[in-house]
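Student: The following block contains the structure, expressed as structure tokens.
Coordinate-derived values only; no laboratory data. If you're wondering where the values come from, they're calculated on a predicted model, not measured in any experiment. Heads up, the Cβs are rebuilt from the backbone with ideal geometry, glycines too, and the neighbour counts pull from every protein chain shown.
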Amino acid sequence: MEKMEGKMAQATLRRPQSKVKTHSRAPIKKSMSKKIVKKVSRKKINIFRKWWYWLAGGGLLILLALTIGMFMYNAKMATSRIVGRHMEEMSGNFAIINEKCGILTFDHDVNYVNFLNVGSFVGSEVGSMNLRNPEGWDGPYVQDNSTVQSKDYEIIKTFKGAYLVPGKGVKLSNGMVIGEDIILDKEADVPVLLENGTLINEEGKPLAVEVPMSR
């Protein structure tokens, strides 16, 4: 009997121990699963970060390339825009001068436009321009004579009239250089160059204008 009671006591002692063991395994499994989830989520976050860095870097490079491209395009177009604006301003000045003073002739085949800032002069000639009524001069017409690419504008005498044009060596937005690709001399047919678009900028403004003269 004593032996039987001892065995039963041992059995009762073992059962709680087995329960304790099974009960202690569950938290270990849960903690292991949490660690695995954390590792997976960290990997996903790292992959996402890498892709984000690549996408952000690529976007910045594309934006930089577009900015540089636009800057270069605008710089290229700037020359013809400036020339078109200067032509508009100076043609207005020459129209006023011809109306008040009467433009007769120019001394040379190529005349530099560096006299519109003159306030007063003696005689009938200002710069290389001869006037019928010099007393009508109401200058200066500009504070500073216009230039493009550090070159004076020119008035060329042709068989079809006198024309205000960009100076020799000026590179236009279409890549053509005055005096090399576009020869503007006495035989130049400026009306044809205007008609075929050679001397027209992207805004449709002429890059050469006829200077009005008294007949």
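Student: Give the cross-link partners of Lys171 among the aspartates and glutamates, using a straight C-alpha distance below 12 Å as the criterion and excluding same-chain residues fewer than 8 apart.
Tutor: Leaving aside aspartates and glutamates fewer than 8 places away in the same chain, those within reach of Lys171 are Glu180, Asp181.
Student: How many nm separate the modelled label positions at Leu55 and Asn114, each set 7 Å beyond the Cα in the direction of the Cβ?
Tutor: The answer from the label model is 6.1 nm.
Student: Right, next: Report the net charge of residues surrounding Tyr163, where surrounding means a beta-carbon distance below 13 angstrom and charges are Lys +1, Arg +1, Asp -1, Glu -1.
Tutor: Value of the local net charge: -3.
Student: Sort Ser173, Ser41, Ser80 by Cβ crowding within 10 Å, fewest neighbours at the top.
Tutor: Least crowded to most crowded, the residues run Ser41, Ser173, Ser80.
Student: Round to a whole angstrom and tell me the spacing of the C-alpha centers of segment 161-186 and segment 88-104.
Tutor: Comparing the Cα centres of segment 161-186 and segment 88-104, I get a distance of 22 Å.
Student: Tell me the Kirkwood radius of segment 140-215: reciprocal of the mean inverse pair distance over distinct alpha-carbon atoms, in Å.
Tutor: The answer is 13.1 Å.
Student: Please report, in cubic angstrom per residue, the volume enclosed by the convex hull of the alpha-carbon atoms of segment 79-210.
Tutor: 97 Å³
Student: In addition: Net charge near Lys100: determine it from the other residues with C-beta under 11 Å of the C-beta of Lys100, scoring Lys and Arg +1 and Asp and Glu -1.
Tutor: So the environment of Lys100 carries a net charge of -2.
Student: So who's got an amide H within less than 5 Å of the one on Ser173, skipping anything under 5 residues away but keeping other chains? H placed 1.01 Å off N, in plane.
Tutor: Distant-sequence amide H within range of Ser173: Ser80.
Student: Report the full-extension gain for the segment Asp107 to Asp144: residue separation times 0.36 nm, less the Cα-Cα distance, to one decimal in nm.
Tutor: Length gained between Asp107 and Asp144: 11.1 nm.
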